[in-house]
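Scroll down for the structure; my scribbles are underneath it.
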Amino acid sequence: MSVIAIKWAMNLSTGCPTCKLVLLCLAEHVGRDCGPCWPSNSVIVRETELCDRTIRLHLRHLEENGI
């Protein structure tokens, strides 16, 4: 867990509460060195309680907006 990544995600405006939830879930999986994180979609589904299709949609939104 990276407190820096979580703080960054909390302060970022995504324009969508569901995107924010997905982003916070990703931030939770960033290592202490703030390197890349690669949680599987099934992990994100379990932790956010969103469906896989919704996860993919919001990950795409985050990526397209450079987040």
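The values are calculated or read from the model by the stated rules, or taken from the named source; none is laboratory data. Just so you know, these numbers come straight off a predicted model, no measurement behind them. Glycine gets a Cβ as well: all are built from the backbone with ideal geometry, and neighbour counts include every protein chain shown. When the accessible area is computed, the model is the full protein with side chains, heavy atoms only, and any ligands, DNA or RNA have been set aside. Shrake-Rupley method; radii C 1.70, N 1.55, O 1.52, S 1.80 Å.
Determine the calculated [θ] at 222 nm for the chain from helices alone, applying -39500 (n - 2.57) to every DSSP H run no shorter than 4 residues and normalising by the residue count; nearest 500 deg cm²/dmol.
It lands at -18500 deg cm²/dmol.
Report in % the part of the accessible area of the chain that belongs to carbon and sulfur, leaving out ligands and nucleic acids; probe 1.4 Å.
Carbon and sulfur: 57 percent of the exposed surface of the chain.
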remark   = When all Cα-Cα pair distances of the chain are considered, the percent exceeding 16 Å is 41 percent
request  = Please give the net charge around Leu24, taking every other residue with its beta carbon less than 11 angstrom from that of Leu24, where Lys and Arg add +1 and Asp and Glu add -1.
outcome  = 0
